[in-house]
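The values are calculated or read from the model by the stated rules, or taken from the named source; none is laboratory data. Given the structure is predicted, the values throughout are model-derived calculations rather than measurements. Methodologically, a virtual Cβ is constructed for each residue, glycine included, from the backbone with ideal geometry; neighbour enumeration extends over all protein chains shown. Just the protein is used for accessible areas: all its heavy atoms, side chains included, with ligands, DNA and RNA removed. Shrake-Rupley method; radii C 1.70, N 1.55, O 1.52, S 1.80 Å.
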Amino acid sequence: MKTALVFWTVNFVPVALLLAIFEIWLEEKHKEGMWGHTYFKTPFWEKKIKWQVPFLKYLSRYHLVMFLLILPVVFMGGMSVWSKVLHYPLINTDHTWYQNDFSDGTMFLAIWLGNSGLEDFLYFLIMSVTGWHEPHALRRVVIEKDHAWFKNWLPSIYGLNIPSHWVFCPVAAILLLIVRNLV
């Protein structure tokens, strides 16, 4: 399980960091509007998909392309590279093809979910730490609950407001790793 956790971590943390930086740059150069209510200057990317699925019902075309097309390719490539670097086999010869597919699928989904939660948090953290674009970004979200992107919040804890996917995504990812390890 320890190796699986390392494999999982190295597959999404660098991507989450780079994506957070990319999205801050996008926010600064290719979006307009007031803080927390920005939109792409090019309307094509802003159009909502309107899927009635929790966490997916607010997806724009940008999110669809980035999170459902580009990132899966990046993660599959990363899984291939890191499996060699860490000597962590993606295909276990003791398992059947469907066990291997289940194993790879749960790892991939755990990586995707891990990125989805961490990337968003890093977006606000990087801005707050560096002063880039919005120096009070994390405070504005966590203390003031000032961001229109977030529709689903956990109940306030000690005055802190946490977007629900910041907890759901890592918890779901770790549960997937546990299930994967049990099978």
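Per-structure values
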quantity: Between helix 97-130 and the chain: long-axis angle, C-alpha atoms, 0 to 90°, nearest 10; calculated: 30 degrees
quantity: Accessible area in square angstrom per residue, the range 120-183, 1.4 angstrom probe; calculated: 55 Å²
quantity: Helix-derived mean residue ellipticity, 222 nm - over the chain, DSSP H n ≥ 4, -39500 (n - 2.57), to 500; calculated: -20000 deg cm²/dmol
quantity: Degrees between helix 2-30 axis and first principal axis of the chain (Cα, 0 to 90, nearest 10); calculated: 30 degrees
quantity: Environment charge at Arg139 (Cβ cut-off 12 Å; Lys +1, Arg +1, Asp -1, Glu -1); calculated: -1
quantity: 13 Å beta-carbon shell around Phe12, net charge (K/R +1, D/E -1); calculated: -2
quantity: C-alpha long axis of helix 165-182 to longest principal axis of the chain, angle in °; calculated: 0 degrees
quantity: Probe 1.4 Å, all protein chains present, accessible-area order of Asp101, Asp120, Asp94, Asp146, largest first; calculated: Asp94, Asp101, Asp146, Asp120
quantity: Whole-angstrom gap from the range 52-77 to the range 106-167, using each part's C-alpha centre; calculated: 17 Å
quantity: Value in Å of the Kirkwood radius, where the range 72-114 supplies the Cα pairs that are averaged; calculated: 10.8 Å
quantity: Cα-based radius of gyration of the range 1-55 once divided by 2.2 N^0.38 Å, which approximates compact folds; calculated: 1.59
quantity: Distance violations [Cα-Cα > 25 Å] among Lys2/Lys145; Lys48/Lys151; Lys2/Lys84; calculated: Lys2/Lys145
quantity: Accessible-area order (highest first, 1.4 angstrom probe) of the listed residues Trp35, Trp97; calculated: Trp97, Trp35
quantity: Under 9 Å, Cβ to Cβ, from Tyr123 - net charge with Lys/Arg +1 and Asp/Glu -1; calculated: -4
quantity: Kirkwood estimate for the chain, i.e. one over the average of 1/r between Cα atoms, Å; calculated: 17.7 Å
quantity: Check: the chain dipole with +1 on Lys, Arg Cβ and -1 on Asp, Glu Cβ, in debye; calculated: 300 debye
quantity: Shape of the range 29-68, Cα gyration tensor, a/c cut at 1.5; calculated: prolate
quantity: Exposure of Lys145 as accessible area (Å², to 10), given a probe of 1.4 Å and all protein chains; calculated: 100 Å²
quantity: Interchain or long-range residues, amide H under 5 Å from Lys31's placed H; calculated: Lys41
quantity: Ellipsoid semi-axes in whole angstrom, largest first, where each is sqrt(5λ) of the Cα gyration tensor of the range 98-183; calculated: 31, 14, 9
